[in-house]
Amino acid sequence: MATAAVGTKKLTLVQAVTDGLRTMMRESENVIVLGEDVGRNGGVFRATDGLMEEFGDQRIIDTPLAESGIIGTSIGLAMNGFRPVAEMQFLGFIYPAFNQIMTHASRIRSRTLGAFTVPMVIRAPFGAGVRAPEIHSDSVEALFTHMPGIKVVVPSNPYDAKGLLIASIEDPDPVLFLEPMRCYRSSKMDVPDSKYTVEIGKGRVMKEGEQVTILTYGAMVDASLKAANEAESKGISVEVIDLRTLYPLDKELISKSVQKTGRTVIVHEAPSTGGLGDTLISLINDTSFLYMKAPIERVTGFDTPVPMFALEDHYLPNAPRITSAIHKVINF
Amino acid sequence: METQFPKKQILNEDGVVVDDAYKSLLDESLVKTLYTKMLRARLFDRKGVNLQRQGRIGTYVPFEGQEAAQIGSSMAMEEGDWMFPTYRDHGATLTFGHSLKNVLLYWKGRQEGCIPPEGIKIFPPAVPIASQLLHATGAAWAEKMKGTDRASIVYFGDGATSEGDFHEGLNFASVFNIPVVFFNQNNGFAISVPVEKQMKSKTIAQKAVGYDIEGIRLDGNDVFAVYFHTKAAVEKARAGGGPTLIEAVTWRYGAHTTADDPSKYRDQNESSIRRETTDPLARLEKFMQQEGIWESSWQKELEQDITLEIEAAVNEMENEQPPHLNDMFDHVFAENPWPIEDQKEAYAHVRGE
Ligand SMILES: Cc1ncc(C[n+]2csc(CCOP(=O)(O)OP(=O)(O)O)c2C)c(N)n1
Ligand SMILES: [Mg+2]
């Protein structure tokens, strides 16, 4: 078969999500979307805009307002031949579904030694910085990287969003697909019209550098690149890695980079204690301890609930905090 | 079910009292108070939408159209009772004694917005849908255990009835005979999802049957119906008669929030028509005119006074000192554990403090 024409479109991250959903729904009748306001409204962020018109309300399903219901029924649908893509309106509202994800979605395969599986995707916008009301800004990815049996991915740009979403829908196991709200419309990028995947478990070097490695993901990629470029202008060469998948981590890419630079700064907006930073430090300890020239620095959200938006700029890691960490590992 | 749970009315759309049993209870001062509180809520709400448009506050949640439901019910509560609102119920909380300034601060992204004035028992607005039904049940349970006759009222929408917490709240209240009023505002939509797609049941009141508690359906734009039926439910609760589920059928004229575009999912003409035909304030005005207790000079003066009161609160909100960033660190626990203390210090250091 001839390869598809290599047309591209300039899309935002949220449009790339829609495009990924559309691509997979055209390919397979088994891909269905469930969520609150995903149908007629096209999602509160318009992530499913136009899909009900194309695929009908039997495949783009406005559910009752019940997250446990959405995830619980998606588990049944997935075990019985469908590929549900369930939307949580915000990650901060996933908690009523936590039981279903923790006790069922993530462990049905192991409970049945593979006889039953749950090939479903849970999509959720997340993160602070958009002046959203309370609870809407939570970054609780670590609750799920800690949960055995579910993969966690976070695109930071439109190209990765479409490719990772398609890979997630094709994945035989549950995947939590986290969409940084701050990146939804922050930039446009050429996104291929055709189907392509970005492999789950693979990070990407966003900027090469020699002296410091920044490990980050999601909305913090931009902040990290800013700080890296600023450091560059002061003669410090910084490599920035977008992890893209938080579970399983790209061990090879991470260890290669930190062994090259010997200095690491981890940046995430989720709270520090028990955050992904801790897991990254373990990984570096296991793979690269003797290469390290300085203790690893973490620039993260604090061990506090995300404050209401009048204070959220203080909560979020910003360029000065990242810069200060870069100087600390350089001057150690 | 619609016949078993008829939409109760005292004041019809034309401002005529249709339930004679209440005629003698409608004294002028009560009527004027209800009108005053509804007008205050409406003017506040319009101010909220404007402030958001001008970028002076963040996303705002309007409730215009739901004033009778919120004011009638909150007026039925007394000092010492508890109120558990959602993000859309500042009409109720302001009537129950919340401060205009703090409610405005809430929409300005300030934690102070969650704090009611001293002695007024209003929980912070529940953002996770339906979670508050259980808190209201618990707080009322505490009153019962302490041997008081105080009760809780909890607000929630039609969409909220789909969450597990709604059912758990009703069941606990039923099992333990808790003095709580579950006050549902069925405004026809949960964001874009119409109530007919939210549930197959024809009424929300009928959901009470499953828990063997009383369910009442009423015209939520009829402030008399809301006030008297809620009052009866609270009195029953105080006397040990247990919980009641009230469904107040109403409509929000505007968007779900200022970030929402209702034209995506409904014809906004419907709102204009309802404003003409079923508006809670217009209906009360008609009644007052027919009763001869309406003077346009009174109304004008009232509107002026309220406008001044709101403007003063907006000023206070805008002149409030910016929040201290330590507010974020210093209230997570009674005492900061070392990780928070370390983080606070490190951040101060980066800021050159
Ligand atoms: C647990 C949870 N899920 C989703 C949301 C997002 N959300 C906010 S309001 C809303 C609709 C609520 O509808 P309804 O209960 O009818 O109340 P209304 O907004 O109409 O007053 C939704 C889905 C939320 N706040 N909490
Ligand atoms: Mg509603």
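The values are calculated or read from the model by the stated rules, or taken from the named source; none is laboratory data. All values reported here derive from a predicted model rather than from experimental measurement. We place every Cβ from the backbone using ideal geometry, glycine too, and count neighbours over all the protein chains shown. Quick note on the areas: whole protein, heavy atoms, side chains included, nothing else; ligands and nucleic acids left out. Shrake-Rupley method; radii C 1.70, N 1.55, O 1.52, S 1.80 Å.
Inside region B:143-157, can you point out the residues that are of a type in the set (Gly, Ala, Ser) and farther than 13 Å from B:ALA239 by Cα?
B:SER152, B:GLY157
Could you give me the residue pairs with C-beta distances under 7 Å whose first residue belongs to region B:173-192 and is outside the structural domain of B:VAL154 (by TED's automatic domain parsing) and among the hydrophobic types (A, V, I, L, M, F, W, C), whose second residue is part of a strand (DSSP E or B) and away from ligand 1 (no atom under 13 Å from the Cβ) wherever it lies, and which are 6+ apart or on separate chains?
none
Spot the failing condition for A:VAL130; the list is (1) surrounded by fewer than 21 Cβ atoms within 10 Å (Cβ to Cβ); (2) away from chain B (no Cβ under 14 Å); (3) closer than 28 Å to A:ILE326 by Cβ, and only one is missed.
Of (1) surrounded by fewer than 21 Cβ atoms within 10 Å (Cβ to Cβ); (2) away from chain B (no Cβ under 14 Å); (3) closer than 28 Å to A:ILE326 by Cβ, only one is false for A:VAL130: (2).
Please go through (1) closer than 13 Å to A:THR213 by Cα; (2) touching a Phe, Trp or Tyr at 6+ places or on another chain (Cβ under 7 Å) for A:THR304 and return the number of the only condition it doesn't satisfy.
Of the numbered conditions (1) closer than 13 Å to A:THR213 by Cα; (2) touching a Phe, Trp or Tyr at 6+ places or on another chain (Cβ under 7 Å), the odd one out for A:THR304 is (1).
Take the conditions touching a Pro at 6+ places or on another chain (Cβ under 7 Å) and of a type in the set (Phe, Trp, Tyr) and apply them to A:PHE302. Does it pass?
Yes; evaluated as a whole, the condition is true for this residue.
Which residue is surrounded by the fewest Cβ atoms within 10 Å (Cβ to Cβ), if the candidates are limited to region B:191-210 and must be in a helix (DSSP H, G or I) and within 16 Å of ligand 1 (Cβ to nearest atom)?
The qualifying residue surrounded by the fewest Cβ atoms within 10 Å (Cβ to Cβ) is B:GLU196.
Any idea which of (1) within 18 Å of B:TYR60 (Cβ to Cβ); (2) surrounded by fewer than 16 Cβ atoms within 10 Å (Cβ to Cβ) is the one B:ALA259 doesn't satisfy?
(2)
Looking at (1) part of a strand (DSSP E or B); (2) open to solvent by less than 10 Å² (accessible area, probe 1.4 Å), find the lone condition where A:LYS10 falls short.
The failed condition is (2).
Looking only at residues that are in contact with a Lys or Arg (Cβ under 6 Å, 6 or more places away or on another chain) and of a type outside the set (Asp, Glu) in region B:67-103, which one is nearest to the other protein chains (Cβ to nearest Cβ)?
Residue satisfying both the conditions and the ranking: B:TRP82.
When region A:248-285 is examined, which residues are found to be in contact with a strand residue (DSSP E or B) (Cβ under 6 Å, 6 or more places away or on another chain) and farther than 30 Å from B:GLU341 by Cα?
A:SER257, A:THR261
I'm checking my understanding of the structure. Among residues of region B:167-190 that are near ligand 2 (Cβ under 8 Å from one of its atoms) and part of a loop (DSSP other than H, G, I, E, B), which one is nearest to the chain's Cα centre (by Cα)?
Checked region B:167-190; the qualifying residue nearest to the chain's Cα centre (by Cα) is B:ASN187.
Please go through (1) open to solvent by 10 Å² or more (accessible area, probe 1.4 Å); (2) over 21 Å from the mean Cα position of the chain (by Cα); (3) of a type in the set (S, T, N, Q) for A:THR261 and return the number of the only condition it doesn't satisfy.
(1)
Filter region B:131-166 for residues that are part of a loop (DSSP other than H, G, I, E, B) and within 16 Å of ligand 1 (Cβ to nearest atom); which is farthest from the chain's Cα centre (by Cα)?
Here the residue is B:GLU163.
When residues of region B:316-332 are filtered for being surrounded by 14 or more Cβ atoms within 10 Å (Cβ to Cβ) and under 18 Å from A:GLY301 (Cβ atoms), how many remain?
Looking only at that region, the number is 8.
Considering each of B:ILE213, B:ILE129 in turn, give the residue that is open to solvent by 20 Å² or more (accessible area, probe 1.4 Å) and within 15 Å of ligand 2 (Cβ to nearest atom).
B:ILE129
What's the number of the only condition in (1) out of contact with any Lys or Arg (no Cβ under 9 Å at 6 or more places or on another chain); (2) more than 16 Å from ligand 2 (Cβ to nearest atom); (3) not aliphatic (A, V, I, L, M) that B:ARG150 fails to meet?
Of everything listed in (1) out of contact with any Lys or Arg (no Cβ under 9 Å at 6 or more places or on another chain); (2) more than 16 Å from ligand 2 (Cβ to nearest atom); (3) not aliphatic (A, V, I, L, M), B:ARG150 misses just condition (1).
For B:LYS207, are the conditions met, namely being closer than 30 Å to A:HIS136 by Cα, over 20 Å from the mean Cα position of the chain (by Cα) and in the same structural domain as B:MET75 (by TED's automatic domain parsing)?
Taking the combined requirement at face value, the residue satisfies it.
Could you tell me how many of the residues in region A:171-205 are open to solvent by 20 Å² or more (accessible area, probe 1.4 Å) and in contact (Cβ under 8 Å) with a residue 40 or more places away in the chain?
The qualifying residues number 17.
Quick test for you: out of B:TRP298, B:TRP338, pick the one residue that is more than 9 Å from chain A (Cβ to nearest Cβ), open to solvent by 50 Å² or more (accessible area, probe 1.4 Å), hydrophobic (A, V, I, L, M, F, W, C) and under 28 Å from the mean Cα position of the chain (by Cα).
On inspection, the qualifying residue turns out to be B:TRP298.
For region A:279-298, what are the residues that are assigned to a loop (DSSP other than H, G, I, E, B) and open to solvent by 60 Å² or more (accessible area, probe 1.4 Å)?
Hits for region A:279-298 are A:LYS293, A:PRO295.
Count, please, the residues in region B:216-227 that happen to be open to solvent by less than 10 Å² (accessible area, probe 1.4 Å) and either part of a helix (DSSP H, G or I) or modelled with pLDDT under 95 (or both).
Qualifying residue count for the region: 4.
Keeping to region A:81-110, report how many residues are assigned to a loop (DSSP other than H, G, I, E, B), within 14 Å of another protein chain (Cβ to nearest Cβ) and within 16 Å of A:THR145 (Cα to Cα).
Looking only at that region, the number is 1.
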